[in-house]
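Right, one structure below, let's go through it.
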Amino acid sequence: MKEIRNLINITDLTLEEIDGLIDVANDIVENHEAYEDICAHKKLATLFFEPSTRTRLSFEAAMLELGGSVLGFSEASSSSAAKGESVSDTIQTVGCYADIIAMRHPKEGAPIVGARRTTVPIINGGDGGHFHPTQTLTDLLTIKRKKGRLDNMTVGLCGDLKFGRTVHSLIEAMLRYENVKFVLISPQELQVPDYIKERLNEEGADWKEVETLEEAMSELDILYMTRIQRERFFNEEDYIRLKDSFILDLKKLETAKEDLVIMHPLPRVNEISTEVDDDPRACYFFQALCGKHIRMALILFLLGIKREA
Ligand code: NCD
């Protein structure tokens, strides 16, 4: 039997496999027609137990652009989870209807439980405050397209580094490239969890924590802004106190490099002023487009489908 590959954590992919996905994502843009029907008769199920715009819709757009079809649900309340069904049973059932599953769940580790009993590939579209590997693939493609490389750079990550799963996965991924420095910009309460600090130390990374954007700005090649994750806070007062900790505006960009790449997984709330959107360094909507291209490449990879040479 063919081994099923899942994507739960970004480390499930080797660097060579990530390079391969980036190459296919670029080939999809250059040779779009060659991919139009490549997934004909294949079905992607999107099982979203938590809200999403970009991740779910880019997955669905990706499969539709490959000539396949999509089914699924966008909130737990419209699935049998509302009746008390376990994630494992839901996934096992959907594996009878679809060839590949992308899921998002508020509980850390839910996709691992789901993957145990499935017969089709499972993709983690975000599990609680844990990981978000397809956002990381999106981020890597964006950085590669904008900078032409994934090594030798200083990456600033700003905002809710405690609960922000995109940050955790991106650090894990970037740790594998040469000479990447990390500047972690957050209030004390929202610093990255200890296990991420341990990973940074284990890998001998060059990293530091600062509390203001101004301190870091001039040295950054990438600035990765994030939203304060309101839904993961234990109380509303803490959220209100911290929610506007960082707001990127044109004034703060005065000391930034000319070729800085400003990223954000989106949705944004207040953390980037809309006046920044017209700055050529603002790349967050381009990033959302990259998300579709890399998810097309990922679907093909996990289904074992290649375009004919
Ligand atoms: C992120 C997420 O869901 O973790 N969104 C996304 O997938 N692009 C970021 C967020 O919700 O803040």
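The values are calculated or read from the model by the stated rules, or taken from the named source; none is laboratory data. As the structure is a prediction and not an experimental result, all values here were calculated from the model. Because the Cβ atoms are built from the backbone with ideal geometry, glycine has one as well, and the counts that use them run over all protein chains shown. In case anyone asks, the SASA skips ligands and DNA or RNA and just uses the protein heavy atoms, side chains included. Shrake-Rupley method; radii C 1.70, N 1.55, O 1.52, S 1.80 Å.
Which one of these is within 24 Å of Gln287 (Cβ to Cβ), among the aliphatic types (A, V, I, L, M), within 20 Å of the chain's Cα centre (by Cα) and open to solvent by less than 70 Å² (accessible area, probe 1.4 Å): Ala45, Ala61?
Ala61
Residues that are within 16 Å of the ligand (Cβ to nearest atom) and surrounded by fewer than 16 Cβ atoms within 10 Å (Cβ to Cβ): does segment 212-230 have at least one?
yes
Among the residues of segment 132-160, count how many are more than 16 Å from the ligand (Cβ to nearest atom) and in contact with a strand residue (DSSP E or B) (Cβ under 9 Å, 6 or more places away or on another chain).
Result for segment 132-160: 9.
Applying the selection to segment 32-57, what residues are in contact with a strand residue (DSSP E or B) (Cβ under 7 Å, 6 or more places away or on another chain), outside any helix (DSSP H, G or I) and not hydrophobic (A, V, I, L, M, F, W, C)?
Listed by number, the residues that qualify are Lys43, Thr46, Glu50, Ser52.
Please verify whether segment 236-247 includes one or more residues that are exposed (fewer than 14 other Cβ atoms within 10 Å of the Cβ) and within 25 Å of Met103 (Cβ to Cβ).
Scanning segment 236-247 turns up no residue that is exposed (fewer than 14 other Cβ atoms within 10 Å of the Cβ) and within 25 Å of Met103 (Cβ to Cβ).
Just the residues that are part of a helix (DSSP H, G or I), over 17 Å from Ala110 (Cβ atoms) and free of Cβ contacts under 8 Å to residues at least 40 places away in the same chain, please, taken from segment 58-78.
Matches in segment 58-78: Glu60, Leu64, Ser78.
Need the failing condition index for Asp278 against (1) away from the ligand (no atom under 16 Å from the Cβ); (2) touching a Pro at 6+ places or on another chain (Cβ under 8 Å), just the number.
Single failed check for Asp278: (2).
Which number in (1) assigned to a helix (DSSP H, G or I); (2) open to solvent by 30 Å² or more (accessible area, probe 1.4 Å); (3) within 16 Å of the ligand (Cβ to nearest atom) marks the one condition that Val29 misses?
Going through the list (1) assigned to a helix (DSSP H, G or I); (2) open to solvent by 30 Å² or more (accessible area, probe 1.4 Å); (3) within 16 Å of the ligand (Cβ to nearest atom), Val29 breaks only (3).
Within segment 287-309, can you find the residues that are within 16 Å of the ligand (Cβ to nearest atom) and either more than 19 Å from the chain's Cα centre (by Cα) or open to solvent by less than 70 Å² (accessible area, probe 1.4 Å) (or both)?
Gln287, Ala288, Cys290, Gly291, Lys292, His293, Ile294, Arg295, Leu298
If the requirement is being under 23 Å from Leu266 (Cβ atoms) and more than 17 Å from the chain's Cα centre (by Cα), which of these qualifies: Pro133, Pro193?
Pro193
Would you call Phe163 open to solvent by 20 Å² or more (accessible area, probe 1.4 Å), assigned by TED's automatic domain parsing to the domain that holds Leu242 and under 24 Å from Arg227 (Cβ atoms)?
Yes, satisfied.
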